[in-house]
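Take a look at the structure below.
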Amino acid sequence: MLAVPIFSMDGKQGGAIEVDPAALGGWVRHALIKQAVVSFLDHQRQFSARTKRRSDVAGSTKKLFRQKGTGNARAGSSRTPVRRGGGHAFAKRRQQAFKAFPKKMRRLARNSAILAKIKADGVVVISDFECTAPKTKAFSSMLSAVGVDRGCVFAVHEPNENAHLSGRNIAKTEVRVLSELNAYELLRRDKLVFTKQAFECLLGESGSGSDSES
């Protein structure tokens, strides 16, 4: 069993939640995490790069001048890549073609990333999180109190506009709904902070956890 520490908003530790690794897939699947990261970054690309080949350039295909007798190097049409305004010899023709990455694989990759964070002592649970107004100073003070001051992903169980507004101006900090978490965003930050409701929802999706109050 793995233990995830529970803190109050003022930084007082109130025990730990014991997590069975089987609830998050049993072991860290490094290859699947890499696949998830590559897929996520691939979906961020615009795929807008496109240049013209010689067959795409407007212009005649007529030979510019006769082959012999002019003293010039022999030449073909004006659309050749060696002439200004001609087509590109190696044109960019990248088409948008995403690799399939099913929902179950995305979720398992996310759980593997969370399991890796837990094993590295990078996960914290806030037991009494409450944000009734958008206050960045209070949100930042809470993160500092629980030892999270070098960037984190803050996970909530449902959309919370006040939490989003409070955390969006803090450097290297993202507030995300549990259903929006992905392996890439989890791995690019040092810490992962859950509200207790969000962590219980996570364990309820595929396993179980038990509180151990101290």
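Read the figures in this text as sums done on the coordinates, not as results from a lab. Because the structure is a prediction, the values reported are computed rather than measured. Every residue, glycine as well, gets a Cβ built from its backbone with ideal geometry; the counts of neighbours run over all protein chains shown.
Angle check, please: helix 103-119 long axis (alpha carbons) against the longest principal axis of the chain (alpha carbons), in degrees 0 to 90, nearest 10.
Helix 103-119 sits roughly 60 degrees off the main axis of the chain.
For helix 196-206, report the angle its Cα long axis makes with the longest principal axis of the Cα atoms of the chain; keep it between 0 and 90° and round to the nearest 10°.
70 degrees
Give the dimensionless ratio obtained when the Cα radius of gyration of the range 101-211 is divided by 2.2 N^0.38 Å.
That ratio works out to 1.02.
Taking the chain as a Gaussian network, Cα atoms linked when under 10 Å apart, which of VAL146, VAL123, VAL38 shows the biggest mean-square fluctuation?
For the chain, modelled as a Gaussian network with Cα springs under 10 Å, the answer is VAL38.
Can you give me the Cα centroid spacing of the range 90-130 and the range 3-65 in angstrom?
When both Cα centres are located, 7 Å separates them.
Putting +1 on Lys and Arg Cβ atoms and -1 on Asp and Glu Cβ atoms, find which of GLY151, THR51, SER127 reaches farthest to the positive end of the dipole of the chain.
Toward the positive end, the furthest listed residue is THR51.
May I ask for the Rg/Rh ratio of the chain, computed from Cα atoms with Rh as the Kirkwood radius, given to two decimals?
Ratio of gyration radius to Kirkwood radius: 1.31.
Which percent of Cα pairs goes in each bin when the distances of the range 101-166 are cut into 10 angstrom slices starting at zero?
Binned Cα distances yield the sequence 17, 43, 30, 10.
Using a Gaussian network model of the chain with C-alpha springs under 10 Å, which one of SER39, SER127, SER78 is most mobile by mean-square fluctuation?
Result: SER78 has the largest fluctuation of those listed.
Give me the compactness ratio for the range 50-93, meaning the Cα radius of gyration over 2.2 N^0.38 Å.
Dividing the Cα Rg of the range 50-93 by 2.2 N^0.38 Å gives 1.27.
With the cut-off at 31 Å, tell me which of the pairs LYS12/LYS135; LYS103/LYS137; LYS104/LYS135; LYS52/LYS99; LYS34/LYS172; LYS52/LYS104 have Cα atoms farther apart than that. Before the final figure, lay out each step's value.
Details: LYS12/LYS135 21 Å; LYS103/LYS137 37 Å; LYS104/LYS135 36 Å; LYS52/LYS99 26 Å; LYS34/LYS172 22 Å; LYS52/LYS104 40 Å.
Cα-Cα > 31 Å for LYS103/LYS137; LYS104/LYS135; LYS52/LYS104; rest within.
Mind telling me which of GLY71, GLY122, GLY15 comes out most flexible in a GNM of the chain, alpha-carbon contacts under 10 Å?
GLY71
With the cut-off at 1.5 for a/c, could you classify the range 16-109 from its C-alpha gyration tensor as rounded, prolate or oblate?
Since a/c reaches 1.5 and a/b is larger than b/c, the shape of the range 16-109 is classed as prolate.
What spacing in nm lies between the two simple spin-label points modelled at LYS62 and THR132, each 7 Å away from Cα in the Cβ direction?
It is 8.4 nm.
Can you give the helix-only mean residue ellipticity at 222 nm for the chain, where every DSSP H stretch with n ≥ 4 adds -39500 (n - 2.57) and the sum goes over all residues, rounded to the nearest 500 deg cm²/dmol?
Helices in the chain give a 222 nm mean residue ellipticity of -9000 deg cm²/dmol.
Please list, ordered by chain and number, the residues whose modelled amide H lies under 5 Å from the amide H of ALA3; skip anything fewer than 5 residues away on the same chain.
Close amide H contacts, sequence-distant or interchain: VAL19.
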